[in-house]
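Chemist: Take a look at this one; I'll ask things after.
The values are calculated or read from the model by the stated rules, or taken from the named source; none is laboratory data. Owing to the predicted nature of the structure, the values given are computational and were not obtained by experimental measurement. Note: ideal-geometry Cβ built from the backbone for every residue, glycine included; neighbour counts use all protein chains shown. For accessibility, only protein heavy atoms count, side chains too; no ligands or nucleic acids. Shrake-Rupley method; radii C 1.70, N 1.55, O 1.52, S 1.80 Å.
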Amino acid sequence: MRPVLWGLQNESKLPTEFAAECTQLIRELDPTSPGQRLVTTCNGGTGTDWDVPQNWTGTYGGDPNTYDEDLKRQVLVGEYGAWRTLDLHTEGNFKAAGEYSEERISQLLEKKIRLAERVRDSVAGHFMWLFSSHDNPGRVQGGEGFRELDKIGPVNYKGLLTPWEEPLDVFYMFRANYASKHKEPMVYIVSHTWPDRWTQPGIKDSISVYSNCDEVELFNGVNGQSLGRKKSQGRGTHFQWDKVDIRYNVLSAVGYVDGKEVAGDCIVLHHLPQSPDFKDLTKGAKAVTSLPDLNYIYRVNCGGGEYTDGNGHTWMADRSKTSENTWGSVSWTKRFPGMPNYFASQRQTNDPIKGTTDWKLFQTFRYGRDKLRYEFPIKDGEYVIELYFIEPWLGTGGGMNCEGWRLFDVAVNRTTVLKDVDIWKEVGHDAVLKKLIRAKVTGGKLVISFPRIASGQALISAIAIASTDKQVKAAASPQPLITDLHFQDENKSSLWSVKEWLNTGDRQYSDSTASFSALPPSLFGNEYIQTPAIINTNGKKNVAQFKVSEDAFVFVAISGQGQKPEWLKDFDDMKSVVKNSEGKSFIVFRKKVAGGSTVYLGNDVDGKAMYMVSASPASTIEPAYDLKNITSYKAFDAMTKGDGIAKRKVDGKDRVVFEKSSPANLLEWHIEVGVADMYSLTISYNNPGATVKGKLQLLMADGTILKEERVEFTPTKPGKSNYISSSTGGMINAGHYTIRLQSADAAGISINALDVQ
């Protein structure tokens, strides 16, 4: 392979002379340059043959509607793209200032494809940035992500695939435009990650389908009412249905090429009435079967909650291992205290699962690499191990040969028992693959791990372990987070229970069909208390109480119609809501609770919708601070102490100046924070002299010192500021605090402001 162009730099500012010298070296190594292969730079660089621009109109300002004219002028665009975040969905057309939803990136890039195709004979080309999101150490990660995982940086979130290789809707948009309809016909209903789009039947708009087929027909049901058959309008367009009557919970689509049916897709929605032909999705399917005459010791629903299958067998919820005496799962987060246990290792699909009636067991799964494992204390002996897999991502919409895209080994007690597992090759997309293994255990522990991943991520949906020995028993399960639940109305004890792995589509109440239709990211996967829909307190102070087994965040979501009750006075308003399928909204409050503490639930629910309670292990993940609100406190308005410090004008601006050295000199800001969180502290200053040392303290309202650290005032250029960057060092509760800045040696330094974020 020989290059078409030589590229020298990207978004850098090499000196012109240096770039020219590099260009000359390239010419010596490649005599065909520049006649056939020009040397390019990017986005403003000089010293080469050609500066290739980037075009991020619609993302970093500019008008994307002129992209065709831009391309003709620029000839070659080295980058175009947009931000996106998995699972965030929005209705309506493209909005330049809109949320970074899956719809927004697809709409913007589809527009650019359409406009580029108009001028394809007048330009060299354009390159979409980028195929897969990746680490980007130069970035400061913002809070643009919907999920907590997407708020962790620095990551360049512009990929068609996630860092763990899950395709987004925009991936299928590109396939619809550029994959061959004869070799790779495909149909993708937008979106497989939006099962909560509607909570009621009715007339719906903007139902989109990405397909490279000549025609697509959409149905409401498995083989139900046709919503119309539409023809392709060419590249840069999609199939869309507006003002159609959606009555049931299934949408299916069929694609046609040259009049023949060649591809199809199906999604199931959470809250609409069940389609009359819903059973056709499980025609010929069976519940999970067990081997006869075996003692099943463990059954685990990997990545999901407790589940009872069609044959009445109970599969335990996936729980993080807490001690050598308990069974449980372990992942990469074990090395990072304070990290949520299932970060970047748990996911679910809403797709139908072929060949089984036990969809819910297989729709959740764990994924990972060599750090993912399951450990089971067990008596030495011979065991039968059943491993269940599905392929939830590769092959969606059809038309792809995904052989070898996910390839991994499975080991039992460090001995590889399955080599190069290729789920797609064996059973295809969204179908159950069952592997039966016989293993001998010595040492009292059975460990299932994934020691080698040749491609993609290892992935597992369920595990069962059995023995011919009827006396073998399971080890204890890890203790749940919510324990010792007690309630005042003992007559309704059957209506109270603790559930695991909270998700949209789950029932909110035990005696109602209302289900969760929207959850803040911090609530996904939580343990939660399922309660009756209406509680009668009979004047009692508390309706229930429970304990948390470890440090936890406790969330209470109350009906949006009322005021914050007194019993939630120590809880912080999270500025987010829970919604249910009945159209009700609940405002979310949060409090950090120490392990072993008792949480009392108040009584303000007589005749009103019962509030929702959930809990998650407390994490120490720092917030996405760069997009949080900043409160600025001017130094001029702060309190000063000492005879060597004064309030003065510096360059016409109000400043506090350390005029002469004195150990008594100090500056104090009195701040107020409204939410329990970690806060960044940034002090801007000017120092025309040499480096000076000082001390920064954080104090509670009563004078207790929470944090103390040494700081330095480094020299600044005339008219420029430097910054002392610090933080509260950990979470602090809402309330009043003092920030104290001291320096015994400062002279000539002026302080501008303190920013609290």
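Chemist: Can you pull the percent of the chain's accessible area that's carbon plus sulfur, 1.4 Å probe, other chains left in place? Present the calculation step by step, with values, prior to reporting the outcome.
Modeler: Values: 16830 of 34790 Å².
Roughly 48 percent, rounded to a whole number.
Chemist: Using 16 Å as the cut-off for backbone N distance, which residues of segment 182-214 belong to the label zone defined by a point 7 Å from the Cα of D258 along Cα→Cβ?
Modeler: Only 182-186, 213-214 fall inside the zone, counting backbone N under 16 Å.
Chemist: Still on this structure: Treating the Cα atoms of segment 88-136 as identical point scatterers in vacuum, please give the log10 of the normalised Debye intensity I(q)/I(0) at q = 0.13, 0.18, 0.23, 0.25 Å⁻¹, two decimals.
Modeler: With one equal scatterer per Cα and no solvent, log10 I(q)/I(0) is -0.41, -0.72, -0.93, -0.98.
Chemist: Across 10 Å bins from 0, what is the distribution of all Cα-Cα pair distances for segment 246-375, in whole percents?
Modeler: 10, 30, 29, 20, 9, 1, 0
Chemist: Hey, rough spin-label estimate for T16 and E712, points 7 angstrom out along Cα→Cβ, what's it come to in nanometres?
Modeler: 3.7
Chemist: With both bridge residues required to lie in segment 260-365, what share of the DSSP beta bridges run antiparallel, to the nearest 5%?
Modeler: 50
Chemist: In debye to the nearest 20, how big a dipole does the chain give about its Cα centre with +1 on each Lys and Arg Cβ and -1 on each Asp and Glu Cβ?
Modeler: That gives a dipole near 580 debye.
Chemist: Between I437 and A287, with labels modelled 7 Å along Cα→Cβ, what's the label distance in nm to one decimal, could you check?
Modeler: It is 2.7 nm.
Chemist: For segment 618-748, restrict the atom set to alpha-carbon positions and state the Rg and Dmax in Å.
Modeler: Calculated on Cα positions, Rg and Dmax stand at 15.2, 47 Å.
Chemist: Which of rounded, prolate or oblate describes segment 6-84 when judged by the alpha-carbon gyration tensor and an a/c cut-off of 1.5?
Modeler: Prolate, because a/c is 1.5 or more and a/b exceeds b/c.
Chemist: Within segment 1-93, which trypsin sites (Lys or Arg not before Pro) sit in a loop by DSSP and count at most 16 neighbouring Cβ atoms inside 10 Å?
Modeler: Here the trypsin sites (Lys or Arg not before Pro) that fit, given the DSSP loop and packing criteria, are K13.
Chemist: Per DSSP helix of 4 or more residues, -39500 (n - 2.57); summed, then divided by the residues of the chain. What does that give at 222 nm, rounded to the nearest 500?
Modeler: -2500 deg cm²/dmol
Chemist: With both bridge residues required to lie in the chain, what share of the DSSP beta bridges run antiparallel, to the nearest 5%?
Modeler: Taking every DSSP beta bridge within the chain, about 90 percent pair in antiparallel fashion.
Chemist: Report, ordered by chain and residue number, the aspartates and glutamates lying within cross-link reach of K283, taken as a straight Cα distance under 16 Å and ignoring same-chain residues fewer than 8 apart.
Modeler: Output for K283: D351, D358, D430.
Chemist: Hey, another quick one. Kindly identify the chain as rounded, prolate or oblate by the Cα gyration tensor criterion: order the square roots of the eigenvalues as a ≥ b ≥ c, call it rounded if a/c is under 1.5, otherwise compare a/b with b/c, prolate if a/b is larger, else oblate.
Modeler: Verdict is oblate for the chain.
Chemist: Can you give me the relative contact order of segment 7-100 as a percent, contacts being Cα pairs under 8 Å and 6 or more apart?
Modeler: Averaging sequence separation for qualifying contacts and normalising by length gives 22 percent for segment 7-100.
Chemist: Just the number please: accessible area per residue for the chain, 1.4 Å probe, all protein chains included, in Å².
Modeler: 46
Chemist: Translational diffusion coefficient of segment 114-244 at 20 °C, 1.002 mPa s, Stokes-Einstein with Kirkwood Rh over Cα pairs, in µm²/s as a whole number. Could the numbers behind the result be given before it?
Modeler: Values: Rh = 17.3 Å.
For the chosen part, D equals 124 µm²/s.
Chemist: Find the relative contact order for the chain and round it to a whole percent, using C-alpha pairs within less than 8 Å whose residues are 6+ positions apart.
Modeler: About 8 percent, as a whole number.
Chemist: Using 0.36 nm per residue of separation minus the Cα-Cα distance, give me the extension gain between Q24 and A97 in nm, one decimal.
Modeler: 21.9 nm
Chemist: For the chain, what are the DSSP H helices with axial Cα length of 24 Å or more and mean Kyte-Doolittle hydropathy of at least -1.0?
Modeler: What comes out of the filter, once short or polar helices are dropped, is none.
Chemist: Something else about it: Computed FRET efficiency, Cβ-Cβ of K445 and S494, R0 41 Å: what is it to the nearest 0.05?
Modeler: 0.65
Chemist: Among the listed pairs K360/K564; K158/K634; K634/K693; K547/K569, which have their C-alpha atoms separated by more than 27 angstrom in this model? Provide the component values of the computation, followed by the final result.
Modeler: Values: K360/K564 36 Å; K158/K634 38 Å; K634/K693 21 Å; K547/K569 19 Å.
The answer is K360/K564; K158/K634.
Chemist: I've got another one for you. Based on DSSP, what percent of beta bridges with both residues in segment 408-521 are antiparallel, to the nearest 5?
Modeler: Values: 8 of 8 bridges.
Percentage antiparallel, nearest 5: 100.
Chemist: Filter K183/K286; K647/K695; K321/K354 down to the pairs with a C-alpha to C-alpha distance above 22 Å, please. Mind dumping the intermediate values first?
Modeler: Details: K183/K286 33 Å; K647/K695 20 Å; K321/K354 31 Å.
Correct reply: K183/K286; K321/K354.
Chemist: For segment 468-567, state what percent of all Cα-Cα pairs lands in each successive 10 Å bin, counting from 0 Å until the bin that includes the largest distance.
Modeler: Values per bin, smallest distances first: 11, 38, 35, 10, 4, 1.
Chemist: Still on this structure, please answer the following. May I ask you to derive the relative contact order of segment 581-668, considering only C-alpha pairs under 8 Å and at least 6 residues apart, and to give it as an integer percent?
Modeler: Values: 60 pairs, mean separation 17.9, N = 88.
Rounded, it is 20 percent for segment 581-668.
Chemist: Roughly speaking, what is the centre-to-centre gap between segment 268-284 and segment 725-757 when only Cα atoms are used, to the nearest Å?
Modeler: 59
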